[in-house]
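Structure record follows, encoded as structure tokens.
The values are calculated or read from the model by the stated rules, or taken from the named source; none is laboratory data. What you are looking at is a predicted structure, and each value in this text was computed from that prediction instead of being measured. Note that each Cβ is placed from the backbone with ideal geometry, even for glycine, and that neighbours are counted across all protein chains shown.
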Amino acid sequence: MKKTVPVALGERSYNIHIGKNQTRDLPRYLNAFPSRKAFIIADKKLLTARKQLLSSLKRGGWETCEIAVRAGESLKDFNSIYPIYGQLLTAKADRDSVLFALGGGSIGDAAGFIAATYLRGIHWVGLPTTLLAQVDSAVGGKTGINHKQGKNLIGSFHQPSLVVCDTEFLKTLSLREMISGLGEVIKYGLVFDRPFFASIQKNWQLALNSDPAVLAAFIQKSLQWKARVVARDEFDRKGIREALNFGHTFGHALEAVTGFGHFQHGEAVIWGMRFAVSLSRIHGSLSEKDEKQIQAFLKQIKLRALPVKVQFEEYLQHIAKDKKLRQGKVHFVLLKGIGKSYSDGGITLAELRAAFDSLGEKSS
Ligand SMILES: NC(=O)c1ccc[n+]([C@@H]2O[C@H](COP(=O)([O-])OP(=O)(O)OC[C@H]3O[C@@H](n4cnc5c(N)ncnc54)[C@H](O)[C@@H]3O)[C@@H](O)[C@H]2O)c1
Ligand SMILES: [Zn+2]
């Protein structure tokens, strides 16, 4: 069954359609566009999805031009995207043309950034194909690429005009990719929504087995929360979007100390949430009962182990570099309860160390 989540951003408002085989209905959702010229930046690996998208657009009377690329962080680089602008220019993409992004978060971030900058901005449509992209990165308008000094340092806010989450695409994802997306789903439950967390606890294994109804429900609920937060703080200047960083301070540090790519992003976020939940209890904002319940659940999810050789101090260096360091203090998103988060600027070093130690045995 199809679900729709609206993102309310005034003249930049758009809809997200979620469900099985939604790609087939795409032409209907595209009626309002003035042109019928589609430029598709697609993950070259996704042969079936690419075919489906092309045939759906052609059925809808669209002229198509596909640019197949290799997905991943290496795409989010000036040198990788520069030739794509050339391909668009050669193919005479104009200001009314629509750019489609078919793939995971790396494709969405890069294609969205190209859409933001090509001819000073053209419309783009997100067709996310990973669970992480469907529940998080495809919505919210953050587009961009990396610099060798750090991830996502070059970019722009450029909202898509439409997002379609076809749950059928998720069937070919590996278990680790699914767990990575599940990490972000759990984040929404812990930070905003106790009943949603309860339903995740009940149904997470069905989601990992690609149950379409459970997946659609998880994606819908996650995006309703993301849409609500983005609508209140579109440009991430009011501190409201900060809640979406729950688990990410330690998570990013873990990705950095192990070398990006060792952990999937969402796996690192699950470790980060285990850290933040401990920290919330140690700092005194979360009850022991709630902490136990959350940790017991998170421990059931199979993750790569934390590296044994990396000392707390190394994580700390990255935590201190994190953008949440303000006036010498690290700001952490913590929990007051399941479904209730807040930002705390008064965390001590001893509390951070105790939270780290509570993560238990590390292995190589
Ligand atoms: N813009 C945002 O708000 C935001 C939020 C979170 C993450 N991100 C970004 O998202 C990126 C990570 O996203 P991701 O995990 O989707 O990464 P990704 O695009 O690199 O995809 C991960 C892997 O899955 C493969 N893949 C994609 N769809 C598939 C499918 N249906 N079946 C089988 N394999 C498939 C890809 O080829 C790739 O190998 C990072 O660059 C991160 O910075 C952005
Ligand atoms: Zn994340």
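Among the residues that make up the range 70-84, is at least one of them among the small types (Gly, Ala, Ser) and away from ligand 1 (no atom under 14 Å from the Cβ)?
No: the range 70-84 contains no residue that is among the small types (Gly, Ala, Ser) and away from ligand 1 (no atom under 14 Å from the Cβ).
Restricting the range 171-197 to residues that are of a type in the set (Val, Ile, Thr) and more than 17 Å from Glu267 (Cβ to Cβ), which is farthest from ligand 1 (Cβ to nearest atom)?
Val191
So, Asp136, is that one in contact with a strand residue (DSSP E or B) (Cβ under 6 Å, 6 or more places away or on another chain) and under 30 Å from Leu208 (Cβ atoms) or not?
Against the criterion (in contact with a strand residue (DSSP E or B) (Cβ under 6 Å, 6 or more places away or on another chain) and under 30 Å from Leu208 (Cβ atoms)), Asp136 does not qualify.
Taking interchain pairs and intrachain pairs at least six residues apart, which have beta carbon atoms under 7 angstrom, with the first residue in the range 221-244 and of a type in the set (Lys, Arg) and the second at pLDDT below 95?
Arg232/Ile240
Just for strands (runs of 3 or more DSSP E) wholly inside the range 109-161: which have at least 1 residues that are surrounded by 24 or more Cβ atoms within 10 Å (Cβ to Cβ)?
Hits in the range 109-161: 123-128, 142-147.
Pick out, from the range 1-107, the strands (runs of 3 or more DSSP E) lying fully within it that include 1 or more residues that are on the phi > 0 side of the Ramachandran plot.
So the answer is 14-19, 98-103.
Might you let me know whether the range 143-159 holds any residue that is within 26 Å of Lys202 (Cβ to Cβ) and within 14 Å of ligand 2 (Cβ to nearest atom)?
No, that holds for no residue.
Over 15 Å from Ile186 (Cβ atoms), part of a helix (DSSP H, G or I), out of contact with any Ser or Thr (no Cβ under 6 Å at 6 or more places or on another chain) and modelled with pLDDT of 95 or more: does that describe Lys289?
Details: over 15 Å from Ile186 (Cβ atoms): yes; part of a helix (DSSP H, G or I): yes; out of contact with any Ser or Thr (no Cβ under 6 Å at 6 or more places or on another chain): yes; modelled with pLDDT of 95 or more: yes.
Here the answer is yes, as Lys289 does meet what is asked.
Please go through the range 194-241 and pick out each residue that is on the phi < 0 side of the Ramachandran plot, charged (D, E, K, R) and not in a helix (DSSP H, G or I).
Result: Asp211, Asp233, Glu234, Arg237, Lys238.
Could you please find all residues in the range 201-230 being under 18 Å from Ile294 (Cβ atoms), in contact with a Leu (Cβ under 9 Å, 6 or more places away or on another chain) and within 16 Å of ligand 2 (Cβ to nearest atom)?
Phe218, Trp225
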